[in-house]
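In what follows, a single structure is set out as structure tokens and then discussed.
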Amino acid sequence: MNSLISLENVSKFYKRGIEEVHALDGVTLDIAEGDLIAICGPSGSGKTTLLNIAGCMDHASKGVVRIRGEEVERGGERRLAEIRQSMIGFVFQQFFLIPTLTVEENVELPLLFSHHKANPSRTADLLERVGLSHRRHHLPGQLSGGEMQRVAVARSLINEPKVILADEPTGNLDSRNSAAVVELFETLNRAGIAIVLVTHNPDLAARCRKVVHLEDGKVVG
Amino acid sequence: MKILTLAFNNIRRTPMRALLTAASVLIAAATLSVVLALDRGYARAVKRELVDKTGVHLYITKENCPIEAASVVAQGGLSPLYVEQSLVAVSESTEGIAAVLPFQLFAETTSDGTRTDIFMGVTDAIRRVRPDWVIEKGGWFENEDSVILGAQIAQIELAKVGDRLYSEKLDKEFKVTGILRKSYSQDDGMIFLPLATAQRLVKREGRLSAIAVKLTDVSRMQEVTTRLRGRISQDYSVIGAKELSEGVLGFFAATRMIMFVMVGVAFGVSVFGIVNTMLMVVMERRREIAYLKCVGARRADVLRLITMETLLICVVGGLGGILAGMFITPLAGSMLRGTLVGYVPAGSIAAPSAGVALFSLLVAVGTGVLCALYPAWKAASIVPMEVLRNE
């Protein structure tokens, strides 16, 4: 399968006060089309840092990150933004929905920055896929946690990404809503979208085809 | 969706804070529009009264400075300097001059201290020089104790033709022989008396405050001025009515400065309000802004978003301010009229206009743009990873 994102011997160091934190230490990972990967590990093991570097939101201190073969360290802020717009969808534990925008408007929000015109039928399709067609005119405050996360997933799909990076997507959800969101990811994956999940949840990790264990910034399994 | 829609929706999230910030802009814009309308209105009223309405084209005074001359002509101040009455004949015989009005001005505060009456000693030349000076009731002076009252002073004194007025300060009784038609000029509040009587009351027989001159052809003002200057002593000044009105505006300078300082203070408070509000907005929405960057928002997009939010607040505040200014301006004009210590022209001194409103709005919006710069830069500088990692 074609490689979408590859990390070669990537390390990330940053300062926290006088202490230098080694968030990642020589991590190598390849994310290919159609992958369903779980990144697991204890708190502080570097899971989120790995996701952010893979998602072009942060630069590696050492090593090489390639997006479809292009070294991202060579691109400026504009190029990284373009990659994020066109290639990657993000889903976070906290949803980050704009409370005064309707479900439909929240889903279309990334188009504002990619300068693509909103296509109502595309938005309707996405809401249909996440099972929220009937909620499209509702505000986030009128939704349950699971529904909000499904809106966030629909929003991550609006720019037709090749990969979705999800950081603890079920972390704020009960078991029923977690299951619904996981099923949604599986459906999207079957449709060809690569999914990378950062999770503490062993049940969720077990449903992924590949599991990457991190400890102290290193891949341990 | 457009960035404007998103900005508008973001403002709706903290409506009270946005309203309070807009209110501070409103106050600043209203203050600016009121001050500009008064500043412009006062200048226009002075020009209308001293240049357009009086029919006087030149003044001969002993003063070199137009401001001092204005003090004599407009305020009724009794200057230590004076014009010799012999200059009247010289002026009358100068080619290009249609009429010459010698006058003596002085002011007396009423015994209760609540009002200052301006007395103007004149000759019947006033009727030739000042076409708007028309006796509506009664007639010309009958003797040296006669007075003709302006319409407003007659109304205040409830005076009729034939009534007698006693001035405690001057220790003199006058007989009202005429009442002027209302002209909406300073004449309405003046007391006119024979020139000789005025000169005697201020012990300046044969001396004048100034001489007002009407030209046969206004387009030849420069030529006549030069000719007149050549015929009189260099101790005297020949001042155009326009320069005189500018001199009167000089009295207003201090008040004007205070008013503009008020505008500055209002805008200063507003600036702190806007910057503070927008910084709070940025601080509270750091994670959300980080997320927007995750989904492809560039620095420029974030800058635009925060600037747009600030602009919306400032446009609403600015529009409210100019509307409020329209209502407040006439009231402020009346208040200012009561507190002005200098020359107070008749009629409205408030002149709100579309230009003033537009300028006030532009200043409010411009201030908004400046205020948005720092918070917008802070927002645009957010590094998504740092925010999402640390918060």
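Points worth noting:
- Scanning segment B:138-171 for residues that are assigned to a strand (DSSP E or B) and exposed (fewer than 15 other Cβ atoms within 10 Å of the Cβ) yields B:R164, B:Y166.
- All conditions but one from (1) outside any helix (DSSP H, G or I); (2) within 14 Å of chain A (Cβ to nearest Cβ) apply to B:Q234; the one that does not is (2).
- Residues (touching a helix residue (DSSP H, G or I) at 6+ places or on another chain (Cβ under 7 Å) and open to solvent by 70 Å² or more (accessible area, probe 1.4 Å)) located in segment B:249-290: B:R256, B:F260, B:M262, B:V269
- B:R207 being assigned by TED's automatic domain parsing to the domain that holds B:G96, under 33 Å from the mean Cα position of the chain (by Cα) and closer than 27 Å to B:L81 by Cα: yes
- Residue check for A:G89: at the interface with chain B (Cβ under 9 Å from one of its Cβ atoms) and either under 20 Å from the mean Cα position of the chain (by Cα) or part of a strand (DSSP E or B) (or both): yes
- Filtering segment A:45-76 to residues that are in a loop (DSSP other than H, G, I, E, B) and among the small types (G, A, S) leaves A:S45, A:G46, A:G55, A:A60, A:S61, A:G69, A:G75, A:G76.
- When residues of segment A:66-84 are limited to those that are facing chain B (nearest Cβ under 7 Å) and crowded, with 23+ Cβ neighbours inside 10 Å, the one modelled with the lowest pLDDT: A:A81
- Which numbered condition A:V27 misses (of (1) more than 27 Å from A:G192 (Cα to Cα); (2) among the hydrophobic types (A, V, I, L, M, F, W, C); (3) away from chain B (no Cβ under 14 Å)): (1)
- Looking only at segment A:152-190, and only at residues there that are open to solvent by 30 Å² or more (accessible area, probe 1.4 Å) and basic (K, R), the one that is farthest from the other protein chains (Cβ to nearest Cβ): A:R176
- Residue in segment B:132-139 that is touching a helix residue (DSSP H, G or I) at 6+ places or on another chain (Cβ under 7 Å) and of a type in the set (D, E, K, R) present: yes
- Residue in segment A:54-65 that is surrounded by the fewest Cβ atoms within 10 Å (Cβ to Cβ), counting only those that are more than 21 Å from A:N2 (Cα to Cα) and at the interface with another protein chain (Cβ under 10 Å from one of its Cβ atoms): A:H59
- Subset of segment B:1-23 that is within 7 Å of another protein chain (Cβ to nearest Cβ) and not in a helix (DSSP H, G or I) - its residue that is farthest from the chain's Cα centre (by Cα): B:M1
- A:N52 closer than 24 Å to A:E147 by Cβ and of a type in the set (S, T, N, Q): no
- Residue within segment A:132-155 that is touching a strand residue (DSSP E or B) at 6+ places or on another chain (Cβ under 6 Å) and aliphatic (A, V, I, L, M) present: yes
- The condition (being open to solvent by 50 Å² or more (accessible area, probe 1.4 Å) and more than 8 Å from chain B (Cβ to nearest Cβ)) is satisfied by just one residue among A:P99, A:P120, A:P140: A:P120.
The values are calculated or read from the model by the stated rules, or taken from the named source; none is laboratory data. Everything quoted here is computed from the prediction, not taken from an experiment. Cβ coordinates were reconstructed from backbone atoms using ideal geometry, including for glycine residues, and neighbour counts include every protein chain displayed. Quick note on the areas: whole protein, heavy atoms, side chains included, nothing else; ligands and nucleic acids left out. Shrake-Rupley method; radii C 1.70, N 1.55, O 1.52, S 1.80 Å.
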